[in-house]
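A quick write-up on the structure given underneath.
Since every read-out is calculated from the coordinates, none of them should be taken as a lab result. This is a predicted model, so every value here is computed, not measured. So basically every Cβ, Gly included, is an ideal-geometry build from the backbone, and we count neighbours across all protein chains shown.
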Amino acid sequence: MEKEVLLRVDGISSGYSGLRVVENVSIEVNKGEVVLMLGSNGAGKTTFLKTVSGLLPKELGSVFLDGKDLSNMSIRDRRRSGLTYMSDDTYFPTLTVKENLQMSISGKGNLNDNLNEVYDVFPELREKSKLKAGSLSGGQRKMLIIAMAMVSDPLLLILDEPSGGLSPLFVEKIIDSIALLKKSGKSILLAEQNVEFLTLVDKVYVLDFGKVSFAGSPEQAIKEDSIRKAYFNL
């Protein structure tokens, strides 16, 4: 049975101050999939995600979410259409953990039920619920950012480098939490340079110098010589 496409990005090109960073990038995310954009620092991953999310204007290309053309929509309208982008700065450090979550809740369902669902996935956030978000460790802030996206109930969750700056222990926790979100049916696009995320994804795109150099399954990615040399040191 053919999977239903949720996100389709066709030929996106974008950059900064006249310098093109991303060149003619096309990807697809099917409903219920976790898709990984793998690439080293400076490969163009964040530029691409910001362009898809509307944080950065495109030069060329189009973005469709669940059949709706988002290409010329504002960031707010893209979010209302179901596309949520989360990065290290998308939280409120002076508010408590609970207040951050309450501000992000989509309004669907019971407030306490939504919070309890998040706390079941991230028990550490339950323990820290009354603390200011700015006082959390780096790993705990990453959990909060993912949890905030979770309660906003998007059609597509975009995560930019969720493992960045984390210890191996917290990387495993983040991977486990994304696996739980996948199990619940969430569709996720994430950018990473950590190959450990290959264990939970359905599809891989490798970005090199702003262009897609590989597209395929994680199993195919592991067998690809150029990827093994670049990311596995083999």
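General observations
- For the chain: relative contact order, % (alpha-carbon pairs under 8 angstrom, 6 or more apart): 27 percent
- Around the Cα centre of region 22-69, unit charges on the Cβ atoms of Lys, Arg, Asp and Glu (plus for the first two, minus for the last two) sum to a dipole of about 140 debye.
- By average C-beta atoms within 10 angstrom, highest first, the peptides 200-206, 21-27: 200-206, 21-27
- When +1 charges are put on Lys and Arg Cβ atoms and -1 charges on Asp and Glu Cβ atoms, the dipole computed for region 88-153 relative to its Cα centre reaches about 220 debye.
- Region 1-54 and region 64-128: distance between their alpha carbon centers, rounded to Å: 21 Å
- For region 31-36, 3J(HN,Hα) per residue [Karplus equation, 6.51 cos²θ - 1.76 cosθ + 1.60, θ = phi - 60°, Hz, x = Gly/Pro]: 4, x, 8, 10, 10, 10
- Listed residues GLY67, LEU198, GLY134: farthest to the positive end of the dipole of the chain (Cβ charges): GLY134
- Using Cβ point charges alone (K and R +1, D and E -1), the dipole size of region 134-197 about the Cα centre works out to roughly 180 debye.
- In the chain, the longest principal axis of the Cα atoms and the axis of helix 138-151 are about 90 degrees apart.
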